[in-house]
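Working notes for the structure below.
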Amino acid sequence: MPLFEVAIIQKPTKKELEEGTGKEVLLFGPEAVLARDNQSAAITAVTGPKAPVGLDMQRAEVLVRPFA
């Protein structure tokens, strides 16, 4: 199985962006994940045992890249 690096970033809300108070926050990773493909690596990061608690998927950006 290939190795991937995965990170999850929480984006600010629309209101926070308008007020200028919003910042992106690193919630997870970068962590090494073994998976069949990019999509499986992202799902593992979001649902796995190390996944952030109370993750709001509307504000989350999951970044995946192959570990080469």
Extreme residue, modelled with the lowest pLDDT, among residues of segment 2-44 that are farther than 15 Å from F67 by Cα and of a type in the set (A, V, I, L, M, F, W, C): L17
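Could you pull out every one of the strands (runs of 3 or more DSSP E) wholly within the chain that has 2 or more residues that are surrounded by fewer than 15 Cβ atoms within 10 Å (Cβ to Cβ) and not acidic (D, E)?
Values: elements: 3-10, 25-34, 60-66.
By residue number, 25-34, 60-66.
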Check segment 48-64 and report whether any residue there is of a type in the set (D, E) and either free of Cβ contacts under 8 Å to residues at least 24 places away in the same chain or in contact with a Ser or Thr (Cβ under 7 Å, 6 or more places away or on another chain) (or both). no
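The values are calculated or read from the model by the stated rules, or taken from the named source; none is laboratory data. Quick caveat, the model's predicted, so the values are computed rather than measured. A quick note on method: Cβ atoms are made from the backbone with ideal geometry, for glycine too, and the neighbour counts reach across all protein chains shown.
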